[in-house]
1. Taking into account only those residues within the range 83-97 that are in contact (Cβ under 8 Å) with a residue 24 or more places away in the chain and within 21 Å of Val45 (Cβ to Cβ), which is surrounded by the most Cβ atoms within 10 Å (Cβ to Cβ)?
2. Looking at the range 26-60 only, could you name the residues that are of a type outside the set (S, T, N, Q) and more than 17 Å from Asp215 (Cβ to Cβ)?
3. Return the pair list, or none, for Cβ contacts closer than 8 Å from residues in the range 11-28 that are modelled with pLDDT of 95 or more to residues that are open to solvent by 60 Å² or more (accessible area, probe 1.4 Å) and part of a strand (DSSP E or B), at least 6 apart or on different chains.
4. May I ask you to say which residue of Ser140, Ser191 is farther than 18 Å from Leu86 by Cα and not aromatic (Phe, Trp, Tyr)?
5. Which residues, taken from the range 29-47, are in a loop (DSSP other than H, G, I, E, B), modelled with pLDDT of 90 or more, within 19 Å of Leu83 (Cα to Cα) and open to solvent by less than 80 Å² (accessible area, probe 1.4 Å)?
6. Checking Glu181 against (1) under 21 Å from Leu83 (Cα atoms); (2) modelled with pLDDT of 95 or more; (3) touching a Leu at 6+ places or on another chain (Cβ under 8 Å); (4) not hydrophobic (A, V, I, L, M, F, W, C), which test does it fail?
7. Considering (1) crowded, with 19+ Cβ neighbours inside 10 Å; (2) modelled with pLDDT of 90 or more, say which one Ser140 fails and leave the rest.
8. For the structure I just gave you, tell me whether Lys80 is within 19 Å of Ser47 (Cα to Cα), at pLDDT 75 or above and out of contact with any helix residue (DSSP H, G or I) (no Cβ under 7 Å at 6 or more places or on another chain).
Amino acid sequence: MDSDSDSYEKPDGNHPRDTVGPAVLIFSTRSVFAEAETSTPLYQVNSDIRSISNKDSSVAFERVEDVPEVDGITARTPGKRHLFYLAHPVNARYRTDIPARYYITSAVSEAVGNIRLEISVARLQRTSFKAMLSAKKTASDNPLFNEGTHEVLLFDIQPNWKFGRNCYEWSDLNGEQVAVEEKENDRYKLSVTTSTSQELRDALVATWLLRLWYDTAESKQARREFFESMAAPEAYKESMDPYMPRQCIMI
């Protein structure tokens, strides 16, 4: 891997707390929890990406940070660190003026960079994904993404029947397993199987939620509602303007 990716692939040895061990994560409504601890979330988004009625084009992704105790008492409620924007621009599948249908932009310069999803239909109509990284890019960059060899495969996300019908195996650039994603009824679980740097873990969880958003927005029910709304008389006037403000696309 080239030098652009060193910062997210290798945890800083001077900061051992930046290395995060394997974990089982659960997503519920707007929060990601550790399976063994469901009282305080690890991450939050500001919109319910699993709701078909959600019409947001951009969703803020935050890490919930611990606050140290003083004399056995927590001084204040846990803080939140805004890390990414998850983006799915309005009518993205029909537009050519945006770089991707589903992507992530970094809200802070210390994050891994901007990430876009490459989507392809696999055998038996199962969909696979590649999370492509433009290292150290942020939401304020133009263009948002690098091209060609300057873009790096961050995660390869493939359906895997060995783990179950609704499962995906997540691998890194070298083909090594990073996580296993499962859905059990309405329970969404990501079993992270290896230790990572904190910033790579942040990117992993954010990409997981973006993939779940894809499932919702591309579902049969969501598509039916979209075409029904476009057939309504009031939709004609809105469709006359094919552009939306840049801040709505990347914030």
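The values are calculated or read from the model by the stated rules, or taken from the named source; none is laboratory data. As the structure is a prediction and not an experimental result, all values here were calculated from the model. Neighbour counts are summed over all protein chains in view; Cβ atoms, including those assigned to glycine, are modelled from backbone coordinates with ideal geometry. Calculation scope for accessible area: heavy atoms of the full protein, side chains included, ligands and nucleic acids excluded. Shrake-Rupley method; radii C 1.70, N 1.55, O 1.52, S 1.80 Å.
1. Among those residues, the one meeting the criterion is Phe84.
2. Phe33, Ala34, Glu35, Ala36, Glu37, Pro41, Leu42, Tyr43, Ala60
3. Close Cβ pairs satisfying both conditions: Ile26/Arg187.
4. The unique qualifying residue is Ser191.
5. Result: Pro41, Leu42, Ser47.
6. Evaluating Glu181 over (1) under 21 Å from Leu83 (Cα atoms); (2) modelled with pLDDT of 95 or more; (3) touching a Leu at 6+ places or on another chain (Cβ under 8 Å); (4) not hydrophobic (A, V, I, L, M, F, W, C) leaves (1) as the failure.
7. So the condition that Ser140 fails would be (1).
8. Working: within 19 Å of Ser47 (Cα to Cα): yes; at pLDDT 75 or above: yes; out of contact with any helix residue (DSSP H, G or I) (no Cβ under 7 Å at 6 or more places or on another chain): yes.
Yes; evaluated as a whole, the condition is true for this residue.
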